[in-house]
Amino acid sequence: MSATAPTAAPGQETSPGRGSLSAETGPARAWRWLREHAVNIVAILVVIYLLVPIVVIFVFSFNNPAGRYNFTWVGFTLQHWSHPFSNSELTEAMLTSIKLALLATVVSTIIGTMMAIALVRHKFVGRRIANFLIVIPMATPEVVMGASLLSFFLILGTPALGFETLLIAHVMFCISFVVVVVRSRLIGFDRSLEEAAKDLGAGPFTTFRLITFPLILPGIFGAAMLAFALSIDDFVISNFNSGTTVTFPLYIFGAAQRGIPVEVYVVAMILFFATVLAMGFATWQQRRAERMTSIRPEQESDIVLPGIA
Amino acid sequence: MGTSGSAKKGAGRLALALAGLAVAVGLAACGSGIEGPVEATGAKVELEKKATGNLVISNWPLYIDKKTVPNFEKATGVSVAYHEDINSNEEFFNKMQPQLSAGESGGRSIFVLADYMVAKMIKLGYLMELDHSALPEVKANLVKNLRHPPFDPERKFSVPWQSGMTGIIVNKEQAPEVHSICDLFNPKYKGKVDFLNEVRETVPLVMKCEGVDTEKATEADWLKAIEKIKTAATDGQIRRFTGNDYAQDLTNGNAIAVMGWSGDAVQLQADNPNLEWRMPTEGCMLWSEDMIIPVGAPNATAAEAFMNYVYKPEVQANIAAYVNYVTPVEGVQEVLAKTEPEIASNHLIFPSPSFIKNCSPTPALEGKEEKNVIKAFDEVLNG
Amino acid sequence: MVAAIRRRVPAYFLLAPGTLWLIIFFVIPLYFMGKLSLDTEIPGTLHYHFTWEWSNYKEALELYDTQFFRSFEYAGIATVLCLVIGYPLAYVIAFKAGRWRNLMLFAVVAPFFTTYLVRTLAWETILSDESPVTEFLHTIGLAPGGHILATGFAVIAGITYNFLPFMILPLYASLERIDVRVLEASKDLYASASSTFWKVTLPLSLPGVVAGTLLTFIPAVGDYVNAEFLGGVNNRMIGNVIQSLYLTQSDYSAAAALSFVLMAVIMIVVFIYIRFAGSEALMGQEAT
Amino acid sequence: MSSELNSEVTMDGNQGAAAAPAAVSSVELRGVTKRFGDFTAVDDLDLTLGQGEFFTLLGPSGCGKTTTLRMIAGFERPTSGEIAIDGEDVAALPPHKRPTNTVFQSYALFPHLSVEKNVGFGLKRKGVGKDEIAERVAAELQRVGLAREANRRPSQLSGGMQQRVALARALVNLPKVLLLDEPLGALDLKLRKGLQVELKRIQREVGITFVYVTHDQEEALTMSDRIAVMNRGHVEQVSVPEEVYDRPTTTFVAGFIGVSNLMPATVSAAGKVRLDGGPEVGADTADLANGERCAAVVRPEKLTVSMNGAGPEAGRPRVEGVVESSLYLGTATQIVVNLGGDVRMTVLVPNADEAERQRLPGGGAKVSLSWAPEHMHVVRESPNGNG
């Protein structure tokens, strides 16, 4: 609703009363224009600020450094874009990251969704504690989480640090976010739909399969996307618990010591564009699904009403 | 009926899981210590003359040319997974330590680590003894002065990978007068100087500036030098403590004079011709990094084959030409003289004895002294 | 009674995997870390044994109090900066963007997709001493030392940048929920544009402000990537200390003690803050 | 247990019971109580519904009518008491095993399924064959006039159409009892009137027992065979619409249905009550004891208003008061007369003649109200308060 609100600043509607615009002097008019658009200008500046590093990464992915160091602009080349996966170490790290993120997403989404359902749908003893258990990891700095998990693995002596411990850690910090996202979807869920299904003879499991699940699916999907993003981008917790397994962020951190190969920028941009595409596709899908599923009474007037009275 | 049955089963499983957890926690709490008993294996590498199978190597980034590994694979049929996953001696050690103490190597058969870390691992019993009969090229070509280091007098556990010199790297245009470690403290270069985050190189270099003989330095000398570094850091004289990332500061113009390693200079010049490695007037620090085989390493035969392979002068010539450090292999200069004469004549890669006459080996630090020195230096590092 | 228990079992069954995961891999590790923080190392062995060594805390805090306070200072400043520059953008997206709304929202989340470390490295390039940006800032007097990198300013700027989306998104979410008619009513009742903002818009968006500041502040306090890449000798944060104690110095007890104090202080700060600002934001808006 | 269950779910051949005598109970509630924590939503409720009856639960929001409906449907379990459908106790059965279907207030149409799939949902759960489902769904959609909308999504339909989908979705299963929870509440007045007629027609056609929940007394009076008026968890009166309207038994029922025209009174003798500050009037006081407080009800259209001094017709009881307001309602004029204290009486005068309307007393005028004795009815004070 607010999206369609006119962009005109509030001051405008009062101005005719004060006299014609032409009576204002040039600087006064400029000042007024500036005041009316100040917030827009600030917003645009912030958007630019947000996008600057992305542009820099993009530009430097075409750099052609003479030595090993992609720090200063030397010249344009397509060489690194034509062989983005020539650096096997980097490619392997990227694949490890993707595998890890996929697994962590699947596991955390499943158990997080289960938790969210339990929290929203069931009254039980210990509900407050369970809620607390979910909030606390989000209120804990990553460095503390990583360090405590490392203490745990060190003292236990098993499993050996590596892919398994990374998976454990990633699932751990994704769960809370999944629960929060799915829970918000469930809270907005019309319970009478489930009652209707039960009323029509569907048992609890059938009701979940045919009604609840399809309708909270967009929420689950959103949660999965968030989990994937968190996992693939995680550096701090991974750095503590990776052992000798190298993920993409860990590779970058290591490479930063010796000079970042241009391929890192290329792969980062590929990841960027892939995510943008995936997100665009998901939004499109979700909007399509929502268009089909939402009950919008305001559409009533669009449809010819057969007279029944 | 069905519901309550499965529910009971579910509850039972839950109880079982909780019980299991309690036991696990209880056990862990009893064995209050980070590691179990160390199995000081020191096992001898089994003799299996033909190297086959897979070999996993952990080395520092950009520490080998692009041809050597594929050539080795072709020559032996061993399939190599070469990881550039070492960025810090301590960090790598700490990540591996839990596995090593359990007698496992994380599937890796070769690590490349600094002398002092190798010394520490020998003491902890984390390394396998080498079979010298499998290393004829090493025996033949290892340079004389690296054959009997104090921490491994007979090279029973380690084979040098590369050596190098720690000195200063300057931007000739912006810091022309920097020739000594002491010059790095010149306020003219305030905020434009990087020091190394390696206690065993940075502190002795500063001691040299103070006129202390690093090989006879006392704990007090160390702590005094650290104090000097700390003052410079707090004053903003020193911009950052870095590892190899001083390269970034130099190419970006963030730093104009740094403590740096000889091998980096050549590569840095490719990015910025004004950069130059200089031998400090007080002399440099000499170090080397060694290939080692950790306990529990699979396929030690292939690992030794690899060690042996890189000691062939023709092979080592490729590595030396790429990494530009001081090579521990005799005969490389001769090979390179034919193919790449300017590298063969580079005194950073093949330093003459007179060039390094003031240089000293990285000093050994022991026991309480080590602990105190490291603690003091870490405090400076952490600002 | 029996029926009631039977009906609750599925709840516990649904809850069990997640709860167990969080208990085993979050709560118990915290317990172990707490224990480790009271351990003593058997010299030279990397073995630890439990001795109620409270002096670990005292020593760690004495050595690293500077970094500790600095972390809260940097995170606090960065959070305020995020709020100040994030609010106008969130406001514009919610009320004025029109058909540009989705594009602007995309701009907010876009940095997420480029990998945290890579975008921090990009800032390292942008802010390097000889870059045009630094030279410009130097000429207008904003970079007194001639450099921006390796200063607290750079670290704060990096944190601000990296956590800005965490501020903007909750702000946007709460602003977007405001009924435009309420703002119209305010104007109808003779409030000027600015008093409408201060008396109506801002109070209604407070849940977003609370959520945003927490989502920014908490990770910012523990962050060490920005200090690592953008900071210098005198800008190290407590995260750098903890990670170096753990990962390079193997001083596990000191690291554990510092982690524990950090977590405890953050909890206290957050608790006080929530007391002042209301709890809905962090606990999730169950009601809506 | 399970065989009984199956026989209950199969409920074909039930259609013919349209005019079944009320003696055969369709739904029976015995001593049903529902508590939510400290709050008692339904208190010791007894109800017996006849086969094929259109039965309405009427009352203000919070009176327990929806909770009662939900207990019949199985969404809530009674705290105590028994619920039987066709003589079988269903208290322990979950909703999907009860021979009831519900039309929800918000319709609860599955937004991700087409109209056809929505309507066929229940049959599919019962394992009815594909062809039969298609046939029955088509027939049902035909009945509610939505044959052409079969492939649309609920969001593409108007509110009235959605309502009919919800009805079809429930009816197609031929439940023994159809439960309707304010099914017309979300629709505008005109649409509601039309659907009331249609709903009644369909109910006669299928002959299923309807339990209808509403707070709209007019709707209840129009459609129901019988009405149960509920107040704070209790049933105050169960009867046919005419009786509920004309002969309410409690002050609550009298007040809730129609305009509240209650004059406080006391039983003065058998067959006589004395209005507070007014005359003693003869009335039916069969249930009341001597000296008991009660209220006299006269419906607004049964009152005659006359200017003070004008002679009342002989034998008609009358009271005095002051006109508070006079409102033109189009077909009638509504005059509110204050009898003193807080007692206000509403009079409805049909606007038959414009000249006569002009002569009606205005605000402040002293008037007297009179009525024929047979139009006055005495009600007991509601034991549960007035709402």
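Tabulated data
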quantity	calculated
Kirkwood hydrodynamic radius of chain B, from inverse mean 1/r over distinct Cα pairs, in Å	22.9
Tilt relative to chain D, helix D:159-171 - C-alpha long axis, 0 to 90 degrees, to 10	60
Shape metrics for region D:25-246, restricted to C-alpha atoms - Rg then Dmax, Å	17.0, 51
Mean ellipticity per residue at 222 nm, deg cm²/dmol - from DSSP H runs of n ≥ 4 across the protein assembly as shown, formula -39500 (n - 2.57)	-15500 deg cm²/dmol
Dimensionless Rg/Rh of region A:85-302 - Kirkwood Rh, Rg from C-alpha atoms	1.05
Mean Cβ neighbour count within 10 Å, used as a protection proxy, ranking A:115-121, D:145-151, A:59-65 highest first	A:115-121, A:59-65, D:145-151
Volume of the Cα convex hull of the protein assembly as shown, divided per residue and given in Å³	241
Debye log10 I(q)/I(0) for region B:49-140, one point scatterer per Cα, at q = 0.14, 0.21 Å⁻¹	-0.60, -1.28
Net charge of neighbours whose Cβ lies under 12 Å from the Cβ of B:Asn274, counting Lys and Arg as +1 and Asp and Glu as -1	-2
Whole-Hz ³J(HN,Hα) from phi, Karplus 6.51 cos²θ - 1.76 cosθ + 1.60, for region A:250-266, glycine and proline x	5, 4, 4, 4, x, 5, 4, 5, 10, x, 7, x, 4, 4, 4, 5, 5
Accessible area buried at the D-A interface, both sides summed, 1.4 Å probe (Å², nearest 100)	2900
Candidate lysines - alpha carbon under 21 Å from B:Lys312, same-chain residues fewer than 8 apart omitted	B:Lys49, B:Lys50, B:Lys66, B:Lys67, B:Lys74, B:Lys139, B:Lys144, B:Lys156, B:Lys338
Per-residue average of Cβ from other chains inside 10 Å of B:89-96	6
Helix runs (DSSP H) in chain C reaching 20 Å along axis by Cα, Kyte-Doolittle at least 0.0	C:2-22, C:55-95, C:152-176, C:206-222, C:252-277
Stokes-Einstein translational diffusion, region A:44-170 - Kirkwood Rh over all Cα pairs, 1.002 mPa s, 20 °C, in µm²/s	111
Extent along principal axes [Cα atoms of region C:65-286; Å; largest to smallest]	63, 43, 30
For chain C: lysine pairs under 28 Å (alpha-carbon distance), excluding those fewer than 8 apart on one chain	4
When region D:36-125 is reduced to its Cα atoms, the Kirkwood hydrodynamic radius in Å	15.1
Label-point gap, in nm, between C:Phe271 and A:Phe205 - each point 7 angstrom along Cα→Cβ	4.5
Dipole-positive endmost among D:Pro279, C:Trp198, C:Ser244 within the protein assembly as shown (Cβ charges, Cα centre)	D:Pro279
Of every Cα-Cα pair in chain D, the percent that sits beyond 27 Å	57
Carbon + sulfur, % of accessible area of region D:251-380 - ligands and nucleic acids excluded, 1.4 Å	52
At q = 0.10, 0.16, 0.19 Å⁻¹, base-10 log of I(q)/I(0) for region D:251-380 (Debye sum, equal scatterers on each alpha carbon)	-0.31, -0.78, -1.06
Fraction of accessible area attributable to carbon and sulfur, region C:173-288 (%, probe 1.4 Å)	66
Charge dipole magnitude, Cβ of K and R +1, D and E -1 - region C:65-286, Cα centre, debye nearest 20	620
Radius 12 Å from Cβ of B:Asn254, net charge of other residues (Lys, Arg +1; Asp, Glu -1)	-3
Summed side-chain charge close to B:Met207 - residues other than B:Met207 whose Cβ falls under 13 Å, Lys, Arg +1, Asp, Glu -1	-3
Sequence-distant residues sharing a close amide H with D:Leu57 (under 5 Å, placed H)	D:Tyr212, D:Val213, D:Thr214, D:Ala228
Chain B: DSSP helices with Cα axial extent of at least 20 Å and average Kyte-Doolittle hydropathy no lower than 0.0	B:2-30
Protein heavy-atom accessible area occluded, A/C pair - total, 1.4 Å probe, Å²	7700
Taking only Cα atoms of region B:191-270, radius of gyration then Dmax in Å	13.3, 41
Cα pair count fraction exceeding 24 Å, expressed as % - region B:137-273	39
For region B:260-383, diffusion coefficient by Stokes-Einstein and Kirkwood Rh (Cα), 4 °C, 1.567 mPa s, µm²/s	75
Within region D:25-246: Cβ-based charge dipole about Cα centre, in debye rounded to nearest 20 (Lys, Arg +1; Asp, Glu -1)	1160
Region D:238-326: Cα Rg divided by the 2.2 N^0.38 Å rule of thumb	1.16
Members of B:Lys95/B:Lys123; D:Lys65/D:Lys302; B:Lys95/B:Lys375 lying beyond 27 Å, as alpha-carbon distances in this model show	D:Lys65/D:Lys302
Within region B:129-205, GluC sites (Glu not before Pro) in DSSP loop having at most 12 other beta-carbon neighbours inside 10 Å	B:Glu154, B:Glu173, B:Glu177
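The values are calculated or read from the model by the stated rules, or taken from the named source; none is laboratory data. Since this is a predicted model, take the numbers as computed values, not measurements. As a convention, Cβ positions derive from the backbone with ideal geometry for all residues, glycine included, and neighbour counts pool all protein chains shown. These accessible areas exclude ligands, DNA and RNA; they are computed on the full protein's heavy atoms, side chains included. Shrake-Rupley method; radii C 1.70, N 1.55, O 1.52, S 1.80 Å.
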